[in-house]
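Asks: For reference, the structure I am asking about is given below.
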Amino acid sequence: MRSYFDVTRAFYVELMAGLGLVAACGGASGETTAATDPSSTSSTGAATAAVTTSATDDSGAVTDSTEGATTTTTSEGTTAGTITTTVNSITGEESTTAETTGEASGTTTTTGTTSTTSTTTGEQTTGDTSELTCDPPPPGMTQKYVCFPVPDGLADCAACDATCTQSWANAAASGDPFCSYNELIVQCGPDPMPAVPDQCCYFVAHGDGMVCEGRPFVVEGEGRVAPNLRRSDWGGQVMPSLAGLDDPTRAALADLWGAAAADEHASVAAFARFALQLLAVGAPASLVDGAQRAMADEIAHARACYALAGAYAGTPMGPGRLDMSSALGDTGLPALAAAAVREGCVGETLAALLAQVATFQADDYAVRSALKQIAVDEGRHSQLAWRFVQWALGRSPEVREAVREAFAAALREPIAVRPWPADADPERLRAHGRLSPEVQMTLCRDALVGVIGPAADALLGRAEQDAAA
């Protein structure tokens, strides 16, 4: 199992890569550099790693997901197909179409990059990998062939050490820099004849995907949530096992998950407001789209958490009325950027890391399944906040000063966590997805020192350099 240090370090590397500021993956200098390849940078300045994954289901059918590059698949039996990736010139998003013929050959085409031809047989091969052989994945795990660019600052793939490879392969396997797989094993590589030229390609095996507190709804300096009521229309189909839970532990789980549900429900309002604020400052369409998608994510999170809370309480639970008075607040860009620092760059980064570790510790299947998606989404929401702040920093010196002050204040503030009831069984609380106050404090401190502080310094430093240029 990954340690807390591994989680925070990997998150930092992935965050820096997502912002186009790449941490020294295998070195100790901690220096950062900007991505220089224009093709790896989105319209907001966020770097997009060229990663491709392929897998097969139990029937031998090929499934693919592609971002930035295309590789071939691993399969049992003989399959072939044509896979085409195209880039939307307006949004920069890519779409992939695939056809299979049943023949043992296939052609892969990627718009704007390269074209390769591959052959798949009963053995697992990708491109010309005659010099790279790999055993089948361990029982219960899925094998993928993944590729990622040589990390900035490194001479070649071999210079990426084990921690570096694990982090980048995780991001490549999931297709999302903030989505990681539990128990991922780098089995073979780097491929001396990679399917994607000039990239680092590996065979990896992974288990179930890793991955509930969301973005706070703060009005005039105070967080707002709706009261929890007895209602059934906000619940979902998440049904945890109640076996082995005594009454105090069930009551504690109902309270803790109920509080998490109220936070997630309030996050819906926070992102609805954020979308309006983005429109008010003329933000790029990609950021507005991200806010809209995040709002839908938070509705799903709230429903899952209300379902868990209701199951433990023995009665359906849902939200009451949420006070929206004076909710829009200051729509000036310096104030919005400072709020994004507090609520997103700090709050959601911490929430994403806490959700990841909660998933590690959860034993209940329903709880673990809910946390998987929540952790992935919260990581993406955190990235949205950092991308907005990055965009805003280039607009004026006033924004840069407001962001600097917001980070400094957030890093000085004491950490507050919800306590556990003294009469509840701590082992059962952990098994049902709740982290102890001590673990939460440790993770938050480590993330503030090892992720948020350094990332903020790098982001502000780059903004100052760009302003002086």
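Asks: Which FRET efficiency value, to the nearest 0.05, is calculated for Ala422 and Ala296 with the Förster distance at 51 angstrom and r the Cβ-Cβ distance? Could you put the intermediate results ahead of the total?
Replies: Values: r = 38 Å, r/R0 = 0.75.
The pair Ala422/Ala296 has a calculated efficiency of 0.85.
Asks: Which residues does a label at Arg321 reach in region 269-291, if reach means a backbone N under 18 Å from a point 7 Å past the Cα toward the Cβ?
Replies: 269
Asks: Any idea of the accessible area per residue across region 302-364, 1.4 Å probe, to the nearest Å²?
Replies: Numbers: 1890 Å² over 63 residues.
Here the per-residue accessible area is 30 Å².
Asks: Let me ask something additional. If I model a spin label as a point 7 Å beyond the Cα along the Cα-Cβ vector, how far apart are those points for Leu242 and Glu401 in nm?
Replies: In this crude spin-label approximation the distance works out to 5.9 nm.
Asks: With a 10 Å radius around each residue's Cβ, average the other Cβ atoms per peptide and rank 132-144, 161-173, highest first. Provide the component values of the computation, followed by the final result.
Replies: Working: 132-144: 15.8, 161-173: 22.5.
Highest mean packing first, the order is 161-173, 132-144.
Asks: Please compute the net charge surrounding Arg231, taking Lys and Arg as +1 and Asp and Glu as -1 over other residues with Cβ under 14 Å from its Cβ. List each step's numbers first, then the result.
Replies: Values: positive: Arg230, Arg303, Arg321; negative: Asp233.
Value of the local net charge: +2.
Asks: Starting with the highest mean, order 226-232, 443-449 by the number of other Cβ atoms within 10 Å, averaged over the residues of each peptide. Display every interim value, and only then the final one.
Replies: Values: 226-232: 14.0, 443-449: 17.7.
Going by the mean number of other Cβ atoms within 10 Å, highest first, we get 443-449, 226-232.
Asks: I need the peptides 421-430, 450-459 ranked by packing, meaning the mean over residues of other C-beta atoms within 10 angstrom, with the highest value on top. Mind showing how you got there, number by number?
Replies: Details: 421-430: 15.6, 450-459: 20.5.
By packing density, highest mean first, the sequence is 450-459, 421-430.
Asks: Skipping prolines and chain starts, which residues have an amide H placed within reach, meaning under 5 Å, of the one on Val219, given they are 5 or more residues away or on another chain?
Replies: Here the answer is Arg224, since their amide H atoms fall under 5 Å of that of Val219.
The values are calculated or read from the model by the stated rules, or taken from the named source; none is laboratory data. From a predicted model like this one, the values you see are computed outputs, not experimental measurements. Note that we place each Cβ from the backbone using ideal geometry, even for glycine, and neighbour counts take in every protein chain shown. What goes into the accessible areas is simple: the full protein's heavy atoms, side chains included, and nothing from ligands, DNA or RNA. Shrake-Rupley method; radii C 1.70, N 1.55, O 1.52, S 1.80 Å.
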